[in-house]
Amino acid sequence: MSVQPVRLFGDPVLRTAAAPVTTFDAELRKLVADLTDTMHAEGGAGLAAPQIGVGLRVFTFSVDGVEGHLVNPTWTAVGAEEQFGPEGCLSIPELGWDCRRMLNVVAMGWDVHGEPVTVEGTAKLARAIQHETDHLDGVLFVDRLDAELRKQAMAEIRATEWFAGQTVKVSPHPLFGKAR
């Protein structure tokens, strides 16, 4: 178990859909431990495997006293009510913008032993579940911003020291603020 480097915006692994987990073994348990350690060390509410360079459908979360992980997660909206509020990402450090998400969701997946898990809770937890599941699909939260705010966000990202010199022309995910 150890803290891993977090991949930053511009890294192709963040734009690649993760593969389903098919083997529930010691290697998966180590991955979840590394994700948890890294999430805590970086002060995040969640962390997806692609953010540490692993292309598997796994994420960890720690929100409002609820901590855990989901393997091969899916989520379903409960109702049609949305929330619009601040969101950030460990892969886009020190920046954040208001993003639209579903207010309530129920997430389902498996734990590291292959046992089914269901997670639901606060609006903040619902936001984290949607955010981390997006990472597993190669989607970043800036893809969900409306066109004008996304343009502003991209300008702010390009101006950061950590992004210096990278080129990102267009997101491969034309969501632009649309909820799924």
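Brief remarks on what is shown
- Taking N as the residue count of the range 81-128, its C-alpha radius of gyration divided by 2.2 N^0.38 Å amounts to 1.39.
- Pairwise alpha-carbon distances in the chain exceed 30 Å for 13% of all pairs.
- Only one residue of Ala33, Trp97, Ser62 has its Cα farthest out toward the positive end of the dipole of the chain, where Lys and Arg carry +1 and Asp and Glu -1 on Cβ, and that residue is Trp97.
- Backbone amide hydrogens, once placed in the peptide plane, bring Val21 within less than 5 Å of Arg57, Asn72, excluding anything fewer than 5 places away on its chain.
- Shown for Lys151, Lys30: other C-beta atoms within 10 Å of each C-beta, ranked fewest to most, produce the order Lys151, Lys30.
- Annotation: the residues Met108, Met39, Met102, sorted from fewest to most other C-beta atoms within 10 Å of their own C-beta, follow the order Met108, Met102, Met39.
- P(r) tail fraction, the range 1-106 - alpha-carbon pairs more than 16 Å apart, %: 63 percent
- Once both labels are positioned 7 Å from their Cα atoms along Cα-to-Cβ, the gap between Arg158 and Arg29 label points is 4.8 nm.
- Net length gained if the chain between Asp98 and His113 were fully extended (0.36 nm per residue, minus Cα distance): 1.8 nm
- Its Cα gyration tensor gives the range 59-145 an equivalent ellipsoid; the semi-axes, largest first and in whole Å, are 21, 15, 12.
- Sequence-separation-based contact order of the range 32-105, relative, with Cα cut under 8 Å and 6+ spacing, percent: 23 percent
- Computed over the range 1-43, the range of Cα coordinates on each principal axis works out to 31, 25, 12 Å, biggest value leading.
- Compactness of the range 17-63 - radius of gyration and Dmax, Cα, Å: 10.2, 29
- Whole-number percent relative contact order across the range 12-158, with pairs defined as alpha carbons under 8 Å at least 6 apart: 26 percent
Throughout, read-outs are computed from the coordinates displayed, never taken from laboratory work. A quick note: this is a predicted structure, and the numbers were derived from the prediction, not measured. Note that we place each Cβ from the backbone using ideal geometry, even for glycine, and neighbour counts take in every protein chain shown.
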